[in-house]
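Notes to accompany the following structure.
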Amino acid sequence: MKRFAVFGHPVAHSLSPRIHAAFARQAGVAMDYVAIDTKDFPAALQAFLASGGDGANVTLPYKAQAMAACAVLSPRARRAGAVNTLIRNNDQWHGDNTDGAGLVRDLTGRHRLDLRRRRSLLLGAGGGARGVAPDLLDAGVGDLYVVNRTPERADALADALGEPGRVHPRYFDDLPALGEFDLVLNATSAAREGRFPSLPMSLVGPRTSVVDLSYGEAAIPFLAWGRAAGARDAIDGLGMLVEQAAESFQRWHGVRPDTDAVYAQLREHDARLVSAD
Ligand code: ATR
């Protein structure tokens, strides 16, 4: 039986074991997938490798450390500066990042959004933002404004993306002057820490989609703000979570699972979900 795990801290609320178990049943794959809560990620990952672990997902706060543990990185993991998927290969870890592909697949496939030329605002410049920004550019968004509480991190992300005419780092104080966006994404962990910043409603118009990378309770403050401001769509990160998992599953097993049934099942329990992946 092949062995997989999700590493994080805390990770007890992670939906990944449930999602991967459902995918495995559907694909007829025999595997074990557990959540490993650790305060010492490098040691726990090493022990997992030594005991025959075949692959892993990595969540908060270890996506940057996971990158350091890899012998080989996919181009998209290198671009994101973060790894959420580990694949064992000759007793070494190969690293990938499926978050951005998961987000784009959810927005364009499930929610039928056309991202091309959308004037976009990305709130946050941490691991979550870095994971999705390159894929948003690849999906054809128009100008991408990156706003972060710590300005240097917004500047660093914009530099890393390497498209100066298209990507614009800005400060929270600039928000009232930035006008209306077609797409506003929240990639901050502010709500998880219980301190969501106040945002001007002028960012949102009747054609705006607001998207939170979190799901469950953590997505409520931002999406409530977006709805109150008159957004056309308010989309949480549950679909992205299922899609990034499907992308990881495909890397490990060579089979792309059908995500709709799993998504529908999780959506039924939506209000009680705690964002942990
Ligand atoms: P993640 O992997 O979830 O992105 P992270 O790398 O710790 O986690 O990044 C958290 C993001 O949320 C950062 O952009 C952070 O801003 P700073 O770079 O200034 O720390 C942002 N964030 C967290 N709490 C916030 C708050 N109360 N208001 C605004 N932004 C916040």
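Read the figures in this text as sums done on the coordinates, not as results from a lab. Keep in mind that this is a model prediction, so the values were computed, not measured. Here the Cβ is made from the backbone with ideal geometry for all residues, glycine too, and neighbour counts use every protein chain on show.
Here are the numbers for the structure shown:
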| quantity | calculated |
| --- | --- |
| Share antiparallel - DSSP beta bridges, the stretch 1-159, percent rounded to 5 | 30 percent |
| Cα long-axis angle, helix 151-161 against the chain (0 to 90 degrees, to the nearest 10) | 70 degrees |
| Sorted peptide list for 249-259, 114-124, 56-66, criterion being average Cβ within 10 angstrom, highest first | 56-66, 114-124, 249-259 |
| Rg ratio (alpha-carbon, reference 2.2 N^0.38 Å) - the chain | 0.97 |
| Taking only Cα atoms of the stretch 50-190, radius of gyration then Dmax in Å | 15.9, 55 |
| ³J(HN,Hα), Karplus 6.51/-1.76/1.60, whole Hz, each residue of the stretch 98-114, x for Gly, Pro | 9, 5, x, 4, x, 5, 5, 5, 5, 5, 7, x, 5, 9, 6, 8, 8 |
| HN-Hα J in Hz across the stretch 246-261 - Karplus 6.51, -1.76, 1.60, θ = phi - 60°, x for Gly and Pro | 4, 5, 5, 4, 5, 4, 7, 10, x, 10, 8, x, 7, 8, 5, 5 |
| Rel. contact order, % - alpha carbon contacts under 8 angstrom, at least six apart, the chain | 18 percent |
